[in-house]
Amino acid sequence: MLILVINCGSSSAKYDLFDITKGSSDIGRGVVERIGEEVSILRYTSKGNPEVETEVRCFDHHGAIEIIKETLMDKEIGVLNDLKDVAGVGHRVVHGGEEFNKSTTITDEVIESIEKFSELAPLHNPPSLEGIRSCMKILEGVPQVAVFDTAFHQTMEERTFCYGVPYELYKKYGIRRYGFHGTSHRFVSLKAAEVLGKPVSDVNVITAHLGNGCSMAAIRGGKSVDTSMGFTPLEGLLMGTRSGDIDPAVVTFLMQRENLGPEEINDLLNKKSGLLGVSGISNDMRDILKARKEGNKRAKLAYDMFVYRIKKYIGAYTAVLGSVDAVVFTAGIGEKVAEIRDSIEKDLRFLSAGGTEFLTISTNEEFLIAQDTYKIVNDITNGGEGSAIKGIAAWINKIKFLIRKKQNKDK
Ligand code: ADP
């Protein structure tokens, strides 16, 4: 069964086609980058061949989905004969707010919710929606599934996700911790249980997703109990260009002293801080490692801050969980930089002495998205367990939605 995974970022659209019933390896994947620029780039691999890079014209995410379709269907390089062979499409959606604690079939109502949460994820949810709408048009009648980054962390308790601001603001604006990278934390925590040879319900793990964006999670028995990213992906660890944790008073101080507006301060904390801002060199860990070895003091400081904060969070999450079966590192930095993993493990000897394993596991969010999509598609097409009830529930929801829409119109 073929499942297509689509992951639309602010200026990119990734795709991955899985023959899901034949295991975890994909049969074709690629990415359209620099969407909206004069020249966009398409990189793809198909049929196990080396990656090819080519220039394309692509004005928006609709254009990117068209290019993906053409690449998949191409007579020479394509891996699809007929679009009808695609049984389902899984979309990565960053923000699902409090409404979604698991992956879900995309309906008009779901689209309306994703639109609503665009306010909380302005760079991420709108491109996902464009991708969803294009796929619904191109692959009409094929089930489309949304897999949310926030869903996995919906198991957090109120005492964990609430901020110390007036409670009414949580109710009024949804100001709370949501957490992100949920699919990655979920994937590596499942894999960790496999490596440890225990059921996931029996293991406590701390996961560290260290890529351009970085976040950690405390996971008890397969459920997220705390995570470092918050209302937005800005909170927590030091990242490539994001500050992570900061005293909020710094924000108002800088706005006054540097005469910055909301957009400028947002830009400063999201795009000019982190490894880049501290080192003054780069947001790329490879450059930081090189400059640090050459004796650059600010590169050393950025590196030390990066590592220190991870250690601090491991300490905090150890206290949260009580006992830790494994600390798991994943994503670009987590998987490739042994130096960081080793120094953390060495400094936290009390953990390994107590039996905690330190693991490196490659994340594969796309595979988990494909699996979730497969399960939902299977349920719909084969009348799997509960599908009749879900069908009725979807039908009732649809009616409720139409009534609400009419009421809104009448207002
Ligand atoms: P994204 O969050 O965009 O998916 P990745 O998971 O690919 O990012 O991680 C990007 C980060 O990983 C960058 O800081 C990059 O420098 C770092 N990285 C990737 N490969 C290496 C490597 N071989 N050595 C050191 N750092 C690496």
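In sequence order, what are the phi-derived ³J(HN,Hα) couplings for region 206-219 according to the Karplus relation 6.51 cos²θ - 1.76 cosθ + 1.60 with θ = phi - 60°, rounded to whole Hz, with x for glycine and proline?
Taking θ as phi minus 60°, the curve returns 10, 10, 10, 8, 10, x, 5, x, 10, 8, 10, 9, 9, 10 Hz for region 206-219.
Let's see if you can work this out: charge +1 on each Lys and Arg Cβ, -1 on each Asp and Glu Cβ, no other charges. What is the dipole magnitude of region 1-110 about its Cα centre, in debye to the nearest 20?
Numbers: 12 positive and 20 negative charges, 70 e Å.
With Lys and Arg at +1 and Asp and Glu at -1, about 340 debye.
Among 282-294, 338-350, how do they line up by average Cβ neighbours within 10 Å per residue, starting with the highest?
Details: 282-294: 16.6, 338-350: 14.5.
Highest mean packing first, the order is 282-294, 338-350.
P(r) of the chain in 10 Å steps, Cα pairs, percent per bin?
The calculated distribution, bin by bin, is 4, 20, 30, 28, 14, 3, 0.
Roll a 1.4 Å probe over the protein chains and send me the accessible area per residue for the chain in Å². Present the calculation step by step, with values, prior to reporting the outcome.
On the way: 20870 Å² over 411 residues.
Value returned for the chain: 51 Å² of accessible area per residue.
With the dipole of the chain worked out from charges on the C-beta (+1 for Lys and Arg, -1 for Asp and Glu) around the Cα centre, which of 320, 246, 219 lies farthest toward the positive end?
So the residue we want is 320.
What percent do you get for the relative contact order of region 1-77 when only Cα pairs under 8 Å and 6+ apart count?
Details: 138 pairs, mean separation 16.4, N = 77.
Relative contact order comes out at 21 percent.
Note the angle between two axes, namely the Cα long axis of helix 338-347 and the longest principal axis of the Cα atoms of the chain, as a number of degrees from 0 to 90, rounded to the nearest 10.
50 degrees
Give me the net charge for the shell around residue 33: Cβ to Cβ below 10 angstrom, other residues only, Lys and Arg +1, Asp and Glu -1. Don't jump to the answer; show the numbers that get you there.
Numbers: positive: 14, 34, 43; negative: 37, 53.
Cβ neighbours under 10 Å give a net charge of +1.
Which of 11, 79, 207 sits farthest toward the positive end of the charge dipole of the chain, with +1 on the Cβ of Lys and Arg and -1 on the Cβ of Asp and Glu?
207
Would you mind telling me the share, in percent, of accessible area of region 209-318 contributed by carbon and sulfur at probe 1.4 angstrom? Before the final figure, lay out the partial values.
Details: 2900 of 5480 Å².
That fraction is 53 percent.
Given a 10 angstrom Cα cut-off, can you work out which residue in 217, 326, 316 is the most mobile in a GNM of the chain?
316
Which pairs in the list 191/290; 271/300; 137/375 are over 29 Å apart, alpha-carbon to alpha-carbon? Don't skip to the end; give the middle numbers.
Details: 191/290 32 Å; 271/300 20 Å; 137/375 22 Å.
Checking Cα-Cα distances, 191/290 exceed 29 Å.
Cα centroid distance between region 1-48 and region 159-203, in Å?
Their Cα centres are 27 Å away from one another.
Using θ = phi - 60° and the Karplus relation 6.51 cos²θ - 1.76 cosθ + 1.60, list the HN-Hα couplings for region 67-76 in order, rounded to whole Hz, with x at every Gly or Pro.
4, 4, 4, 4, 5, 5, 9, 4, 5, 8
If you average 1/r over every pair of different alpha-carbon atoms in region 63-184 and take one over that average, what Kirkwood value in Å do you get? Present the calculation step by step, with values, prior to reporting the outcome.
Numbers: mean 1/r = 0.0627 Å⁻¹.
With all distinct Cα pairs of region 63-184 included, I get 15.9 Å.
Between region 54-104 and region 292-332, what's the alpha-carbon centroid distance in Å?
Region 54-104 and region 292-332 have Cα centres spaced 35 Å from each other.
Name the residues whose placed amide hydrogens come within less than 5 Å of the amide hydrogen of residue 145, ignoring near sequence neighbours (fewer than 5 apart) on the same chain.
Close amide H contacts, sequence-distant or interchain: 89, 90, 91, 106.
Using the Karplus curve 6.51 cos²θ - 1.76 cosθ + 1.60 with θ = phi - 60°, what ³J(HN,Hα) values do you get for each residue of region 103-109, in whole Hz, with x for Gly and Pro?
Here the 3J(HN,Hα) series is 5, 8, 5, 7, 10, 4, 5 Hz.
Show the residues, 5+ positions off or on another chain, whose built amide H is closer than 5 Å to the amide H of residue 28.
Close amide H contacts, sequence-distant or interchain: 17.
Mind pulling the angle between the C-alpha long axis of helix 365-381 and the longest principal axis of the chain? Nearest 10 degrees, somewhere in 0 to 90.
Result, in degrees: 30.
If packing is taken as the mean number of other Cβ atoms within 10 Å per residue, what is the order of 354-362, 258-266, highest first?
Numbers: 354-362: 15.6, 258-266: 11.6.
Packing proxy ranking, top to bottom: 354-362, 258-266.
Which value, in debye to the nearest 20, gives the size of the charge dipole of region 240-358 about its Cα centre, when Lys and Arg are +1 and Asp and Glu are -1 at the Cβ? Let's see the in-between values first.
Working: 18 positive and 17 negative charges, 83 e Å.
It comes to approximately 400 debye.
Listed highest first by mean packing, meaning other Cβ atoms within 10 Å per residue, what order do 54-63, 8-17 come in? Mind dumping the intermediate values first?
Numbers: 54-63: 16.0, 8-17: 21.5.
Those peptides, ordered most packed to least, come out 8-17, 54-63.
Remind me, relative contact order of the chain in percent, using alpha carbon pairs under 8 angstrom and six or more residues apart? Before the final figure, lay out each step's value.
Numbers: 761 pairs, mean separation 55.4, N = 411.
Reported as a whole number, the value is 13 percent.
The values are calculated or read from the model by the stated rules, or taken from the named source; none is laboratory data. Note that this is a predicted model, so its numbers are computed, not measured. Note that we place each Cβ from the backbone using ideal geometry, even for glycine, and neighbour counts take in every protein chain shown. Surface accessibility is based on the protein's heavy atoms, side chains included, excluding ligands, DNA and RNA. Shrake-Rupley method; radii C 1.70, N 1.55, O 1.52, S 1.80 Å.
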